[in-house]
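The values are calculated or read from the model by the stated rules, or taken from the named source; none is laboratory data. Just so it is clear, the structure is predicted and the values come from calculations on it, not from any experiment. All Cβ positions, glycine included, derive from the backbone under ideal geometry; neighbour counts span all protein chains shown.
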């Protein structure tokens, strides 16, 4: 009996340590409609996730606006969207730093809650604009890099409209700057 208990304790400790090592980063997106959380998947899109985390660290998204909304998705990440007088150009800008490689993983599908990197033409040109799937869109599977999924607050993303403000995006658990 003691041996079974010891093995069980060892199994639980190993599983806990393993889960802690593989914990994916989570970013918190605070909007004027509420907050949602995105779990990033660096094992599937390491360069895309690294770019997003570097932009979050630089407060790149603070004060931007949602610039694209369709029945299937909502998109943000263009710094031009801070200027309400430039709305005709919203969606044409980015961070100025491209991912540089296509990280399209065929197994990753555009299902509700999936988060991807928008790009003009090819996935390797993505540079910081993110979109959140409100509904499934299998027709775009294999065309864009999916970098994570909404794990909390998807109904907030559902409510977002063009011009809604992205108040801030932070790394969960990181000290506020």
Hits in region 72-119 (condition: within 18 Å of residue 56 (Cα to Cα), modelled with pLDDT of 95 or more and in contact with a helix residue (DSSP H, G or I) (Cβ under 6 Å, 6 or more places away or on another chain)): 80, 117
Scope region 136-177; condition in a loop (DSSP other than H, G, I, E, B), closer than 20 Å to residue 106 by Cβ and in contact with a strand residue (DSSP E or B) (Cβ under 8 Å, 6 or more places away or on another chain); matching residues: 137, 144
In region 59-68, the residues that are surrounded by fewer than 17 Cβ atoms within 10 Å (Cβ to Cβ) and either touching a helix residue (DSSP H, G or I) at 6+ places or on another chain (Cβ under 7 Å) or farther than 16 Å from residue 29 by Cα (or both): 63
Residue count, region 81-115 (criterion: outside any loop (DSSP other than H, G, I, E, B), crowded, with 18+ Cβ neighbours inside 10 Å and either free of Cβ contacts under 8 Å to residues at least 40 places away in the same chain or more than 16 Å from the chain's Cα centre (by Cα) (or both)): 2
Residue list for region 18-58, filter: touching a strand residue (DSSP E or B) at 6+ places or on another chain (Cβ under 7 Å), within 26 Å of residue 86 (Cβ to Cβ) and surrounded by fewer than 16 Cβ atoms within 10 Å (Cβ to Cβ): 32
